[in-house]
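Read the structure below first, then the notes.
Throughout, read-outs are computed from the coordinates displayed, never taken from laboratory work. Not measured: the values here are computed from a predicted model. Here Cβ is always computed from backbone atoms with ideal geometry, including for glycine, and neighbour counts include all displayed protein chains.
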Amino acid sequence: MSVITVNCPYCAAVRSLPAPQDYSPFYVDCDRCSERFIVEPVQNGTMVYRDGEAPCCSDPECRATEMGDAGQD
């Protein structure tokens with residue numbers, strides 16, 4: 001299994017993660033500073049965002065809300 005390496009956008013700690021199977025963004029909790037951040041696999045590597053600073057399409061919670069059921073029939 002391959003791994004990706006990212007740096008925490010808060011404290012710059014290095015974190016190795018299993019390589020994702022798709023391009024869906026996901027949350028990571030930093031082991032050093034305990035802050036949550038977002039990792040988004042992209043075509044040429046990964047994007048890393050602070051929680052709350054990612055565009056909606058790159059934020060797992062916002063993305064689920066926007067792509068989910070609108071409640072209109």
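Summary table
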| read-out | value |
| --- | --- |
| Per-pair calculated FRET efficiency, R0 = 22 Å: VAL3 and ASP31 via Cβ, rounded to 0.05 | 0.90 |
| Theoretical FRET efficiency, 1/(1+(r/R0)^6), r = Cβ-Cβ of VAL14 and ARG50, R0 22 Å, to 0.05 | 0.85 |
| Neighbourhood net charge (10 Å Cβ-Cβ; Lys/Arg +1, Asp/Glu -1) for TYR27 | -3 |
| Among [x] 18.4; [y] 14.9; [z] 13.1, the entry derived from the coordinates for Kirkwood radius over Cα pairs in Å | [z] |
| FRET efficiency for CYS62 and ASP22, using Cβ-Cβ distance with R0 set to 22 Å, rounded to 0.05 | 0.80 |
| Least to most buried among CYS30, CYS8, CYS57, CYS62 (fewest other Cβ within 10 Å first) | CYS57, CYS62, CYS30, CYS8 |
| Proxy reagent accessibility, fewest Cβ within 10 Å first, across ASP29, ASP22, ASP59, ASP51 | ASP22, ASP29, ASP51, ASP59 |
| Structure-based [θ]222 nm, the chain - -39500 (n - 2.57) summed over DSSP H runs of at least 4, per residue, nearest 500 | -3000 deg cm²/dmol |
| Dipole magnitude of the chain about its Cα centre (Cβ charges: Lys, Arg +1; Asp, Glu -1), debye to nearest 20 | 420 debye |
| Ascending count of other beta-carbon atoms within 10 Å, so fewest first, for MET47, MET67 | MET67, MET47 |
| Value of relative contact order over the chain, rounded to a whole percent, pairs C-alpha under 8 Å and six or more apart | 23 percent |
